[in-house]
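Notes to accompany the following structure.
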Amino acid sequence: MEKHTPVLLAESIKYLNLQPNGIYVDCTLGRGGHSSEILKHLDNGVLYAIDQDPIAIAESQTKLAATLKNFHILNGNFSNIASLLALKNVFQVDGILYDLGVSSPQFDVGERGFSYRFDGPLDMRMDTVHNQLTAEKVINQKSEEELCQIFWQYGDEKFARQIASSIIKTRPLKTTFELVDVIKQSLPQKVLKQKGHPAKKVFQALRIYVNDEINVLKTSIEQSLKLLKPKGRIVIITFHSLEEKIVKESFKAATISGMESVISKLPIEVENDTQFSLIIKKPIVPKNTEIENNNRAHSSKMWVIEKK
């Protein structure tokens, strides 16, 4: 199993602007990489970390056992961040971090069904307790048109139609390798010879759909903006264009006044009356050295917003 190396770790700590006695939330605990670093900067401060994966929670509890006095794991989906914190009587925080990448250990366990590199059941659920929708159900129950739409919308797969058609003719499919074989058989040789795994886009699309990742992210950001104290920040690390779109739209809505487009055309300067401001105008990307040492980092981007 590969070690999970947190992406943009130093930048995350810098832009969270951690205060020793502050209250912070790691919305994506995973294997505790970012959480463990945040805790090093807290004295009497508190970190709440959210995750819905029971295996990740168990491993992180072991890893961070020495700091449990100011560290609390919230078992749930970060789409419920406000409710999860309210159960702890927390209604305002100083900073919130999202690392939206799937942790490496999840990919490395074939039984989870996330990886096209290991054979296993077509599962792909982050939450194996409450979520009943598996990738197997999607593959075997959706129509050809629905599958095509999922692969195109969430994976930007150019050969979505051909792959969906092949799945319909071949199913039922039960394992990841069975799906990989169908995908490979659906693609032209020139595509199969290209760099990168031919099943990557379809597997990404299924994972996003099964876990409703786009709607979950949008809902969570809306709540997080309301939870921030003045000078509090939200730091988000994205890994693909769909996540980027949600973050850009959410941050734009929070930082641009409804009258901005009208005011910008007037020959006078009017102060922006929104509650939030962007700390960085363009997203931060990892340095070349990080990309060389951690392949997961190559598509990552960091976005930061602050409450005034």
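The values are calculated or read from the model by the stated rules, or taken from the named source; none is laboratory data. All of these numbers come straight from a predicted model, not from anything done at the bench. Backbone-built Cβ (ideal geometry, glycine too); neighbour counts: all protein chains shown.
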| said: So in segment 257-296, with the set limited to residues that are among the acidic types (Asp, Glu) and either at pLDDT 80 or above or farther than 28 Å from Lys307 by Cα (or both), which one is surrounded by the fewest Cβ atoms within 10 Å (Cβ to Cβ)? | reply: Glu292
| said: I need the full set of residues from segment 222-240 which are farther than 30 Å from Glu136 by Cβ and touching a helix residue (DSSP H, G or I) at 6+ places or on another chain (Cβ under 8 Å), in order please. | reply: Glu222, Gln223, Ser224, Leu225, Lys226, Leu227, Arg233, Ile234, Val235, Ile236
| request: Would you be able to say whether some residue in segment 59-66 is more than 23 Å from Glu290 (Cβ to Cβ) and among the hydroxyl-bearing types (Ser, Thr, Tyr)? | output: yes
| query | Within segment 156-175, is there a residue that is crowded, with 19+ Cβ neighbours inside 10 Å, out of contact with any Pro (no Cβ under 7 Å at 6 or more places or on another chain), farther than 21 Å from Asp51 by Cβ and touching a residue at least 60 places away in the same chain (Cβ under 8 Å)? | reply | no
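Quick one: count up the residues across segment 1-18 that are in contact (Cβ under 8 Å) with a residue 40 or more places away in the chain and either more than 14 Å from Leu97 (Cα to Cα) or not polar (S, T, N, Q) (or both). If you could, list the steps in order and put the result at the bottom.
The first filter runs over segment 1-18 and keeps only residues in contact (Cβ under 8 Å) with a residue 40 or more places away in the chain, leaving 1-8, 11-12, 15-18.
Narrowing the set further to residues that are either more than 14 Å from Leu97 (Cα to Cα) or not polar (S, T, N, Q) (or both) leaves 1-8, 11, 15-16, 18.
The total comes to 12.
Kindly provide the set of residues from segment 4-29 that are part of a loop (DSSP other than H, G, I, E, B), touching a Gly at 6+ places or on another chain (Cβ under 9 Å) and either crowded, with 20+ Cβ neighbours inside 10 Å or of a type outside the set (Val, Ile, Thr) (or both), ordered by number. Quick ask: steps written out before the conclusion?
Here is the first cut: in segment 4-29, the ones part of a loop (DSSP other than H, G, I, E, B) are 4-8, 17-22, 27-29.
Filter again for touching a Gly at 6+ places or on another chain (Cβ under 9 Å), leaving 4-7, 17-22, 28.
Selection gives His4, Pro6, Val7, Asn17, Leu18, Gln19, Pro20, Asn21, Gly22, Thr28.
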| query | Out of (1) basic (Lys, Arg); (2) touching a helix residue (DSSP H, G or I) at 6+ places or on another chain (Cβ under 7 Å); (3) at pLDDT 95 or above; (4) not in a helix (DSSP H, G or I), the odd one out for Arg125 is which? | reply | (3)
| query | When you go through (1) at pLDDT below 95; (2) in contact with an Asp or Glu (Cβ under 9 Å, 6 or more places away or on another chain) one by one for Lys40, which number turns out not to apply? | reply | (2)
| Looking at segment 62-84, which of its residues are of a type in the set (A, V, I, L, M), modelled with pLDDT of 95 or more and farther than 13 Å from Asp51 by Cα? | Ala82
| request: Please go through segment 56-69 and pick out each residue that is surrounded by fewer than 16 Cβ atoms within 10 Å (Cβ to Cβ) and touching a residue at least 12 places away in the same chain (Cβ under 8 Å). | output: Gln61, Lys63
| message | Considering only segment 12-32, I want to know if a residue exists there that is under 15 Å from the mean Cα position of the chain (by Cα) and either more than 19 Å from Ser220 (Cα to Cα) or of a type in the set (Lys, Arg) (or both). | response | yes
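Right, Ser250: modelled with pLDDT of 95 or more and among the polar types (S, T, N, Q) or not?
On the way: modelled with pLDDT of 95 or more: yes; among the polar types (S, T, N, Q): yes.
In short, yes.
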| Every residue from segment 42-61 that is farther than 20 Å from Leu227 by Cα and touching a Gly at 6+ places or on another chain (Cβ under 9 Å) | Gln52, Asp53, Ala56, Glu59, Ser60, Gln61
| request: Check whether at least one residue in segment 161-173 is among the β-branched types (Val, Ile, Thr) and either in the same structural domain as Glu59 (by TED's automatic domain parsing) or closer than 22 Å to Glu243 by Cα (or both), and report yes or no. | output: no
